[in-house]
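Here is the structure we will look at.
The values are calculated or read from the model by the stated rules, or taken from the named source; none is laboratory data. All figures in this text were calculated on a predicted structure; none of them were measured in a lab. Cβ placement follows ideal geometry from the backbone for every residue including glycine, while neighbour counts extend to all protein chains displayed.
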């Protein structure tokens, strides 16, 4: 019997699952990726700006994790990998743009002396005194912001940790949990570290001399396109309902497909991988796996936008890779910045140098729509105004593009790891069903690929057992 599998969600997690299913189940398997929008890739999108391919979603992957590098090798895409230049990153702290110090784990310092240029003398003294506080004993999970403030004071979380976490999660330090966002720190505390400083020192990655990040010269959309070849694809086909049948699963599809691609009203399959954001997973699992549905419902999500600006040749930006901004930073006139970060892409990535100078501004924080309420033209104006304030560059762009990411960035709040374990236990009790995606074990591309791979293996194992029985 030919195995039939549906992958719901055409982001990187779902596409990685489809790719692994093809490898595990063979060329005859019927693998269908069902995506409610009109494109694949999810938070990966390579667009054209000033005639050049440019990533307006996720722009890179962490090389230290093996998943993406291994996948690129499998797909014969490794020759297209490029790495950042040596340009340093900066942070806007206390109204001044400063280099981000070294020897820290997502802002938690292993060496307080490295923060000398970032904090006031009072703030630095507070950080240096953290090891003199009573030993820290981690009991379960804890909110990250209150913990950091109690141990280090307010300056460190506001000037360094919050900007760094805002760049990853579009969330603030006070709304995130320790175990899900800083697992290495939590593990070091569990293993006996008695302070956050000691935990950070134990958690520092061993220097390898190798690049930390990588991307594809022609854009990460190249990876999306190659993975899509593993399956049949249905675009514009939202899944309205998921139900169990006597032999497998039934997907009831919506009717938003293009006229040339009308979907069947239902899709009957032997197994399903759900690789969708938390709100969609909550809806589809309601009544099927109610425990998992309820857990997904407790995950909040953030929205953001990427505003890409192509400036004319010769525009002189700082010789850095970009700048992060904490939520408390203000413009000279006292108003809030629209952006939470700028990436000076032409300086960060050598392959993006050339006739135009490309910059991307990131907008949007959890619970605070701010500038996201503006239309695209106004959003470009606000981002340009921030660029002028931060860099002095006034040259009008020769091209712009605005890409909005609505409600797809999960917030890893206190207790998130327990919540994910609850989801995975409940789903594991349902033969032929698996989940993947950024909600689970990390929002970066390698973590998403890992969840897709694991979901595919779970489904493939089930189908083999079914055939054997």
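Before moving on, here are some points about what is shown:
- Among the residues listed as 276, 307, the single one being farther than 21 Å from residue 424 by Cα, under 29 Å from the mean Cα position of the chain (by Cα) and at pLDDT 95 or above: 307
- Single match in 425, 458 (criterion: surrounded by 19 or more Cβ atoms within 10 Å (Cβ to Cβ), over 18 Å from the mean Cα position of the chain (by Cα) and either farther than 30 Å from residue 380 by Cα or modelled with pLDDT under 95 (or both)): 458
- Given (1) at pLDDT 95 or above; (2) surrounded by fewer than 19 Cβ atoms within 10 Å (Cβ to Cβ), index of the condition residue 469 fails: (1)
- Condition check for residue 121: under 24 Å from the mean Cα position of the chain (by Cα) and modelled with pLDDT of 95 or more: no
- Wholly enclosed helices (runs of 4 or more DSSP H) of segment 131-188 bearing at least 3 residues free of Cβ contacts under 8 Å to residues at least 60 places away in the same chain and in contact with a helix residue (DSSP H, G or I) (Cβ under 9 Å, 6 or more places away or on another chain): 144-152
- Residue list for segment 218-238, filter: more than 20 Å from residue 456 (Cβ to Cβ), in contact with a helix residue (DSSP H, G or I) (Cβ under 8 Å, 6 or more places away or on another chain) and in a loop (DSSP other than H, G, I, E, B): 218, 220
- Residue 257 being modelled with pLDDT of 95 or more and either within 30 Å of residue 374 (Cβ to Cβ) or surrounded by 14 or more Cβ atoms within 10 Å (Cβ to Cβ) (or both): no
- The condition of being free of Cβ contacts under 8 Å to residues at least 60 places away in the same chain and on the phi > 0 side of the Ramachandran plot holds for residue 370.
- Within segment 95-108, being buried (at least 16 other Cβ atoms within 10 Å of the Cβ) and part of a loop (DSSP other than H, G, I, E, B) holds for 100, 101, 106, 107.
- When the residues of segment 109-127 are filtered to those that are in contact with a strand residue (DSSP E or B) (Cβ under 9 Å, 6 or more places away or on another chain) and surrounded by fewer than 17 Cβ atoms within 10 Å (Cβ to Cβ), the one that is nearest to residue 416 (Cα to Cα) is 111.
- Only one of 381, 404 that is surrounded by fewer than 18 Cβ atoms within 10 Å (Cβ to Cβ), assigned by TED's automatic domain parsing to the domain that holds residue 319 and in contact with a strand residue (DSSP E or B) (Cβ under 8 Å, 6 or more places away or on another chain): 404
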